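The values are calculated or read from the model by the stated rules, or taken from the named source; none is laboratory data. Note that the structure is predicted; figures quoted are calculated from it, not measured. Using ideal geometry, Cβ is built from the backbone for each residue, glycine included, and neighbour counts are taken over all protein chains shown. The protein model used for the area step is the full one, side chains on, heavy atoms only, and it has no ligands, DNA or RNA in it. Shrake-Rupley method; radii C 1.70, N 1.55, O 1.52, S 1.80 Å.
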Amino acid sequence: MKPDVAVVVSQLVTGYRGQGRDTVVSGPFSAELHSGELTCLLGPNGAGKSTLLRTLSAFQPPLRGDISIEGRSLDDYSETELAKVIGVVLTDKIGANNMTVAQLVGLGRSPYTGFWGTLGDNDREVVDEAMTLVGIAELRDRAVQSLSDGERQKAMIAKALAQQTPVIFLDEPTAFLDYPSKVEIMRLLHSLSRSGGKTIFLSTHDLELALQIADCIWLMDKKLGIVTGSPEDLSLNGSMSRYFERDGISFDMDAGVFHIDYRPDASVKVTGRGARYNMVRKALLRNGIGCDESRDDVVVEVGDDDYSVNGCKVTTIAEVVNEVMRLC
Ligand SMILES: Nc1ncnc2c1ncn2[C@@H]1O[C@H](COP(=O)(O)OP(=O)(O)OP(=O)(O)O)[C@@H](O)[C@H]1O
């Protein structure tokens, strides 16, 4: 059974109002976000991801169309009501450098206490719980400016959690993070959507990661418009290829990964099997050398412990490549 619809976008057109002329960035399009799901917004630079997130967060008005959250149009919410429904995590500098992590996360309680409001026992409990959920409880007294990018991102997510909203929007939460931290943040957001029944919608350029972790994907492109679906459906129906394949880059539907297409200038025969065999082929291809079973002038044999090139033994793949390059 499909989870509840939390956000409905109807015939939405996003963009910027100008004097006499509007600049349309995306739309018109209609789509839904479901509670308990992590949805990723993917698209090339300039496609309009931040503009869409700002529009959904009510930071800028739509040019046309309607957005409704939990059955009510965005226009019908007061500012305070909105802050209890949508938590927003932007990539902009957060301007919280003189605060401790606990103070920053405590700002998430402002819809309930007022900006200068003092936190009560319940607020402090919520703040502690948010920091624990995100795994930063031990950082509570650290100054925000002393945090790493990954820790700061977690603190911002904890702040959004402390806001206790059913919907959270995040603009590129994995930007500037190393790969393990990107995976950690994405898995954290996925588990928060599952365990807390939250609707989490984020933009990212980490396509392969999004394909592995997201429940749903929105693909966005200025020319192609917006399509939505599960990562697997969008892979199989060709949408991933249509939106992201460029000259020299192809999308492998089965593996859900992108490949750089090399055009080899020469070819050799490679024999063997398993991971070492695949790695040799990969290293040769990167150096402009393809594999051709019919070749017999240059033959690379991949053994269990070493390699040979035309009978000459070597121990590393780098040496295989050097030897083959010398012969080709
Ligand atoms: N204030 C503005 N006024 C007019 N046009 C704008 C404004 N801000 C952004 N744009 C334009 O809107 C388009 C979409 O920009 P946006 O930042 O939403 O894209 P994006 O998909 O988030 O890009 P990126 O992946 O590079 O962050 C771009 O062509 C941009 O130049």
Would you confirm whether or not the stretch 249-261 contains a residue that is in contact with a strand residue (DSSP E or B) (Cβ under 6 Å, 6 or more places away or on another chain), closer than 17 Å to Cys328 by Cα and open to solvent by 60 Å² or more (accessible area, probe 1.4 Å)? no
Taking the stretch 150-181 and keeping residues touching a helix residue (DSSP H, G or I) at 6+ places or on another chain (Cβ under 6 Å) and farther than 28 Å from Asp121 by Cα leaves Gly150, Asp171, Pro173, Thr174, Phe176, Leu177, Ser181
The strands (runs of 3 or more DSSP E) lying wholly within the stretch 286-328 that contain at least 1 residues that are of a type in the set (Ser, Thr, Tyr) are 307-309
Starting from residues that are among the hydroxyl-bearing types (Ser, Thr, Tyr) and modelled with pLDDT of 90 or more, keep the ones in the stretch 127-161 and report whichever is most open to solvent (accessible area, probe 1.4 Å). Thr132
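Of Val89, Val8, Val25, which residue is more than 16 Å from the ligand (Cβ to nearest atom) and either within 20 Å of the chain's Cα centre (by Cα) or in contact (Cβ under 8 Å) with a residue 12 or more places away in the chain (or both)?
Only one candidate qualifies: Val8.
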Just wondering, is there one or more residues in the stretch 61-70 that are out of contact with any Leu (no Cβ under 6 Å at 6 or more places or on another chain), within 16 Å of the ligand (Cβ to nearest atom) and not basic (Lys, Arg)? yes
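Could you list, in sequence order, the residues of the stretch 11-27 that are open to solvent by 50 Å² or more (accessible area, probe 1.4 Å) and not basic (Lys, Arg)?
Here is the first cut: in the stretch 11-27, the ones open to solvent by 50 Å² or more (accessible area, probe 1.4 Å) are 11, 16-17, 19-24.
Correct list: Gln11, Tyr16, Gln19, Gly20, Asp22, Thr23, Val24.
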Say whether the condition of being closer than 16 Å to Ala160 by Cα and part of a loop (DSSP other than H, G, I, E, B) is met by at least one residue in the stretch 77-87. yes
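Each row is one residue, and each column tells you yes or no for (1) closer than 30 Å to Val7 by Cβ; (2) small (Gly, Ala, Ser).
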{"position": "Asn98", "(1), (2)": "no, no"}
{"position": "Ala102", "(1), (2)": "no, yes"}
{"position": "Ile157", "(1), (2)": "yes, no"}
{"position": "Leu161", "(1), (2)": "yes, no"}
{"position": "Pro180", "(1), (2)": "no, no"}
Boolean, Pro44 is in a loop (DSSP other than H, G, I, E, B) and more than 8 Å from the ligand (Cβ to nearest atom): no
Would you please list the contacts, defined by Cβ atoms under 7 Å and residues six or more apart or on different chains, that run from a residue in the stretch 162-188 that is closer than 15 Å to Thr204 by Cα to a residue that is of a type in the set (A, V, I, L, M, F, W, C) and open to solvent by 30 Å² or more (accessible area, probe 1.4 Å)? Phe169/Val88; Asp171/Leu90
Filtering the stretch 262-310 down to residues that are at positive phi and open to solvent by less than 60 Å² (accessible area, probe 1.4 Å) yields Gly272, Gly274, Gly288
Unmet criterion (only one of (1) within 16 Å of the ligand (Cβ to nearest atom); (2) modelled with pLDDT of 90 or more) for Thr174: (2)
Which residues, counting only those in the stretch 28-41, are assigned to a strand (DSSP E or B), in contact with a helix residue (DSSP H, G or I) (Cβ under 9 Å, 6 or more places away or on another chain) and either open to solvent by 10 Å² or more (accessible area, probe 1.4 Å) or within 14 Å of the ligand (Cβ to nearest atom) (or both)? Cys40, Leu41
